[in-house]
Structure formats: structure tokens, C-alpha cells
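The values are calculated or read from the model by the stated rules, or taken from the named source; none is laboratory data. These numbers come from a predicted model, not from an experiment. All Cβ positions, glycine included, derive from the backbone under ideal geometry; neighbour counts span all protein chains shown.
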Amino acid sequence: MNLHKHHQETKAVRGGGDLRKKNGPVSTPIYQTSTFEVTDNEQQLRATHTDMFYTRYGNPTQTVAEAAIAQLEGADAALLFASGMGAITTSLLAVLKSGDHIVAQRDIYGGTTKFFSQWLPKFGIETTFVDTTEYDQHARAIQPNTRLLYLESPTNPLLRVIDLKRLSALAKKHNLISVIDSTFATPINTRPVEFGIDLVMHSGTKYFAGHADLICGIMAGRRDLIQKIQDARTTLGVCMDPHAAWLLLRGIKTLAVRMQRQNDNALRVAEFLSQHPKVGRVHYPFLSGHPQRALAMEQMQGGGGVLSFEVVGTGDDARRLTESFRLFTLAPSLGGVESLVSIPVLTSHAMISPEQRQKMGVTEQLVRLSVGIENADDLIADLDQALSQMGAVREHAEVG
Ligand SMILES: Cc1ncc(COP(=O)(O)O)c(C=O)c1O
């Protein structure tokens, strides 16, 4: 018996497949089919609960990707969805009912804030938003009908890091389901299940896919919850296409090496920006001076590939800066091999109110970078040339 436990790099490359299988393809086949033939109706009945019945219920290519993700997260099981928002909306509708209440940290992806504040109330589900790192506020917001604690770490776009052990203990104490959006962390940098979190969500569109070529969502975690969510996925119809699942699987194979490079590149970029006179506050968990740096270094293997910073000047200065890069591509999204730049008030947080953005601290001067796997010197040279075209200069260095 082999008792050796594989590392994340190995799980990323080898996960999901049956390693004992011989004489088969090395690459997982794409089951590009909507339905599956059976020999008789007895078999038809047996097929209903498998991944070879009808692709909205499941599909073998998808199953391999789901198994690989569950192994990386250390979760009982994982599910794929047509998008990250599909994973969030379906999962919450699956585990909550009318009259339930959610406690959610304030800094979360804008689409999630919109779902909680504008859609869930239509189903009789209310949310209290609390300051992300004020844990007493989380505890005080819990009501008798609170069922779920919703978290995100590091946060989009301000890279705040939350104490996973403390919040999972709070959820357990009050019998709440804990859910975390771990898109920015990936299982290479943090595995929330190890801290006792029940459900781990990802926009698989980002680091898991890794090449800005598909949209997908992931929910991994406790088997009893995943079973409920799977039923909801079938009913709501937010399944992933088999070809996209295969592309995702290919992306997963390089997840560990990409993340290691992106961790290194992003830290170098953050250090460069923190010294630049035309840059105000820089937000990156592993940067010296970040308010949760010690916690981040305890919980995470790397700071991730995303950082944000405020330009010295106005929102217009920030817009002009983002249009003068030669390497950083002006586009929303993150987590791909190529470096991207965006302005959160115009992209990831455009769909929420200016008041909500203000409470989060998302300003017009804030610029978000998704650092790719290019050479860090080339990326820094691009930032340098773009910043040199800007007028204003700050008075003090700040790290956020
Ligand atoms: C942190 C985070 N969560 C969720 C989502 C939603 O994912 P998707 O765009 O795949 O629906 C995004 C998208 O940008 C995100 O950044």
C-alpha cells in the first residue's frame, strides 16, 4: 500500500484520473454529448444518478475535473457550474429557504453583493453586511434565523485577509454553514477546508482555467451540502459544457506552477509600486506593512497574483494610467497567464451602489492588477513607463 501523500503540484497534474488504468488515453477524453444511450429501461433507471445519463445531470469529463478539484481542496466532493456566479447563486438557493438570514463580510465580489442585496430579498432571504476584519461585528450580527456565514479571502479588490480559523469556529458555534469565495487564494495558496470551512467557492474562470479562455464556477466541500447543491444545479440548469470542462482540466495541470510564478511576480510588482512616488496605498497581502500580513503568511503559501493600488491624483488619472500600458492589457477578470489591468469601479464593482463601494473603500483612483507569468522585470518596466506619464506625486508611502 502506498501511504505517501502527494503534494499540490502532483495532485494538480495527476488528480481526477484513474492512475491504475492501462491502455487508455493519457489525456481525459471529451464526452461531447448531451445524452447517453442505454441498452434497456432497467439500465436507464440505474443511469439516472450517474454521470452518463444526460449532461445537465453530469458528464464523465466534468467528473474527472471535479475529482481533481476536490483532491486539491482536500474536500469531500466538488461541483462545476457554468460560471462563478452560477456556483454562488445555485448553492445559496440550495441550502437556504425563505426566512433565513446571512451574515456576509462587506468586501466581496460586486456580483455577489448584488445577488445578496437585490435578489435574495425576493426569496425572503436577508443579509447583514459586516466590516470584513471586525470579527465582533460578525458575531453580533448573528440572529436566531441566521443560517450562513459568507466570506471571501483575499478580497476583491482590496486584498483583505480574514482569519479562517476564527470565523469557522464562530460558524460552528452558531451552527451556521460557512462558505468562502477562495478565488484569489486558489488551493495552492490556501485550503479553507483545513481550517474547518464547509464550502469553498471559486470563479474557475480565473486561476483554475488560467488562460482567459472559459467561464466556470466551482463549489467544493462537505458531501451532504454538495449533494443538495448538485440537485439544485440539475434543476436550475447551470451545468458546464464538456469541452469547457476539458479545457479547465488542462488548465488545472499547470495551476501549481502558474501560481508559484504569479506569487513571485506579484510580490515584486507590489514592492516596486510601494516605492513609487506616483502611487498611494498598495494592497497586497505579503507586502511589508499590509495590516494582515502576519495572518496571511500563516494561512497562505503565497500572496497570490492580484494586487491593487491607488494612484496619486483623480479617477481620470487612474483611467489614463490604465490606458498607457504596453504589456498590462486593459480588461476585467484575473488569474490568466497574461497580466491584466482594470479599474474596479468600472468593472468588478460597477454593479453596486457608490455608497456600498465607499463603505468598502473602493475608490475611483483604485487600479487592480492581475499579474501574469511574464518576466517580472518586463512588467515593472511597463508600470514604470506608464507611471512616468502621470503628473501628480504623493507625499508619503502607504501600504494598505
Ligand atoms: C472573487 C470573485 N468571485 C466570483 C466571481 C464571479 O465569477 P464568474 O465571472 O466566473 O461568474 C468573480 C468574477 O470576477 C470574482 O472575481
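Has the range 173-188 got any residue that is on the phi > 0 side of the Ramachandran plot, free of Cβ contacts under 8 Å to residues at least 24 places away in the same chain and either among the polar types (S, T, N, Q) or assigned by TED's automatic domain parsing to the domain that holds Ala70 (or both)? Give the steps one after another, and end with the answer.
Applying the first criterion (on the phi > 0 side of the Ramachandran plot) to the range 173-188 yields 175, 186.
Still in the running and free of Cβ contacts under 8 Å to residues at least 24 places away in the same chain: 175.
Still in the running and either among the polar types (S, T, N, Q) or assigned by TED's automatic domain parsing to the domain that holds Ala70 (or both): 175.
Yes, there is a match, as at least one residue in the range 173-188 is on the phi > 0 side of the Ramachandran plot, free of Cβ contacts under 8 Å to residues at least 24 places away in the same chain and either among the polar types (S, T, N, Q) or assigned by TED's automatic domain parsing to the domain that holds Ala70 (or both).
Can Asp241 be described as among the acidic types (Asp, Glu) and without any contact (Cβ under 8 Å) to a residue 40 or more places away in the chain?
Numbers: among the acidic types (Asp, Glu): yes; without any contact (Cβ under 8 Å) to a residue 40 or more places away in the chain: no.
In short, no.
Can you pull out the residues in the range 293-336 that are in a loop (DSSP other than H, G, I, E, B) and within 19 Å of the chain's Cα centre (by Cα)?
Initially, the range 293-336 is screened for residues in a loop (DSSP other than H, G, I, E, B), giving 300-305, 312-314, 323-328, 331-336.
Within the range 293-336, Met300, Gln301, Gly302, Gly303, Gly304, Gly305, Ala331, Pro332, Ser333, Leu334, Gly335, Gly336 qualify.
Look through the range 81-110, keep the residues that are more than 11 Å from the ligand (Cβ to nearest atom) and among the hydrophobic types (A, V, I, L, M, F, W, C), and return whichever of them is nearest to Met360 (Cα to Cα).
As a first pass, look at the range 81-110 and keep what is more than 11 Å from the ligand (Cβ to nearest atom): 90-106.
In the following step, the residues that additionally are among the hydrophobic types (A, V, I, L, M, F, W, C) were identified as 92-96, 102-104.
On the way: Leu92: 23, Leu93: 25, Ala94: 28, Val95: 27, Leu96: 26, Ile102: 18, Val103: 16, Ala104: 13 Å.
Out of the qualifying residues, it is Ala104.
Evaluate the following for Arg46: is it assigned by TED's automatic domain parsing to the domain that holds Pro192, in contact with a Cys (Cβ under 6 Å, 6 or more places away or on another chain) and more than 16 Å from the ligand (Cβ to nearest atom)?
On the way: assigned by TED's automatic domain parsing to the domain that holds Pro192: yes; in contact with a Cys (Cβ under 6 Å, 6 or more places away or on another chain): no; more than 16 Å from the ligand (Cβ to nearest atom): yes.
No, not satisfied.
Identify, by number, the condition in (1) away from the ligand (no atom under 16 Å from the Cβ); (2) without any contact (Cβ under 8 Å) to a residue 24 or more places away in the chain that Gln118 doesn't meet.
(1)
When only residues in the range 81-90 that are among the small types (Gly, Ala, Ser) and within 12 Å of Thr112 (Cα to Cα) count, which is farthest from the chain's Cα centre (by Cα)? Break it down into steps so the answer makes sense when it comes.
Of the residues in the range 81-90, the ones among the small types (Gly, Ala, Ser) are 82-84, 86-87.
Checking which are within 12 Å of Thr112 (Cα to Cα) leaves us with 84, 86-87.
Numbers: Gly84: 8, Gly86: 13, Ala87: 11 Å.
Residue satisfying both the conditions and the ranking: Gly86.
The rows are residues; the columns are (1) modelled with pLDDT of 95 or more; (2) surrounded by 18 or more Cβ atoms within 10 Å (Cβ to Cβ); (3) more than 29 Å from Glu126 (Cβ to Cβ); (4) not polar (S, T, N, Q).
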residue	(1), (2), (3), (4)
Ala75	yes, yes, no, yes
Ala82	yes, yes, no, yes
Ala87	yes, yes, no, yes
Gly99	yes, no, no, yes
Ala104	yes, yes, no, yes
Gly110	no, yes, no, yes
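State whether the residues of the range 50-60 include one that is within 16 Å of the ligand (Cβ to nearest atom) and either aliphatic (A, V, I, L, M) or touching a residue at least 24 places away in the same chain (Cβ under 8 Å) (or both). Give the steps one after another, and end with the answer.
First pass over the range 50-60, keeping only residues within 16 Å of the ligand (Cβ to nearest atom): none.
No; the residues of the range 50-60 include none that is within 16 Å of the ligand (Cβ to nearest atom) and either aliphatic (A, V, I, L, M) or touching a residue at least 24 places away in the same chain (Cβ under 8 Å) (or both).
Rundown of residues vs (1) touching a strand residue (DSSP E or B) at 6+ places or on another chain (Cβ under 7 Å); (2) farther than 25 Å from Val337 by Cα; (3) not charged (D, E, K, R), yes/no style:
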residue: Ala232; (1), (2), (3): no, yes, yes
residue: Ala244; (1), (2), (3): no, no, yes
residue: Ile252; (1), (2), (3): no, no, yes
residue: Gly280; (1), (2), (3): yes, yes, yes
residue: His283; (1), (2), (3): yes, no, yes
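Regarding Ala78, is this residue under 20 Å from the mean Cα position of the chain (by Cα), among the hydrophobic types (A, V, I, L, M, F, W, C) and within 16 Å of the ligand (Cβ to nearest atom)?
On the way: under 20 Å from the mean Cα position of the chain (by Cα): yes; among the hydrophobic types (A, V, I, L, M, F, W, C): yes; within 16 Å of the ligand (Cβ to nearest atom): yes.
The answer is yes for Ala78.
Filtering the range 27-73 down to residues that are of a type in the set (A, V, I, L, M) and more than 24 Å from Ile218 (Cβ to Cβ), which residue is surrounded by the most Cβ atoms within 10 Å (Cβ to Cβ)? If you could, list the steps in order and put the result at the bottom.
Pass one, the range 27-73, residues of a type in the set (A, V, I, L, M): 30, 38, 45, 47, 52, 64-65, 67-70, 72.
From what's left, more than 24 Å from Ile218 (Cβ to Cβ): 38, 45, 47.
Details: Val38: 14, Leu45: 11, Ala47: 16.
Restricting to residues being of a type in the set (A, V, I, L, M) and more than 24 Å from Ile218 (Cβ to Cβ), the top hit is Ala47.
State yes or no: is Arg293 more than 17 Å from Tyr109 (Cα to Cα) and surrounded by fewer than 19 Cβ atoms within 10 Å (Cβ to Cβ)? Spell out how you get there, then give the answer.
Working: more than 17 Å from Tyr109 (Cα to Cα): yes; surrounded by fewer than 19 Cβ atoms within 10 Å (Cβ to Cβ): yes.
Spelling it out, Arg293 is indeed more than 17 Å from Tyr109 (Cα to Cα) and surrounded by fewer than 19 Cβ atoms within 10 Å (Cβ to Cβ).
Determine, yes or no, whether Gly361 is in contact (Cβ under 8 Å) with a residue 40 or more places away in the chain and at positive phi.
Answer is yes for this residue.
Considering only residues that are of a type in the set (A, V, I, L, M) and within 25 Å of Ala294 (Cβ to Cβ), look in the range 112-145 and name the one that is surrounded by the most Cβ atoms within 10 Å (Cβ to Cβ).
First, the residues of the range 112-145 that are of a type in the set (A, V, I, L, M): 120, 125, 130, 139, 141-142.
Add one more test, that the residue is within 25 Å of Ala294 (Cβ to Cβ), and what stays is 130, 139.
Values: Val130: 20, Ala139: 15.
Restricting to residues being of a type in the set (A, V, I, L, M) and within 25 Å of Ala294 (Cβ to Cβ), the top hit is Val130.
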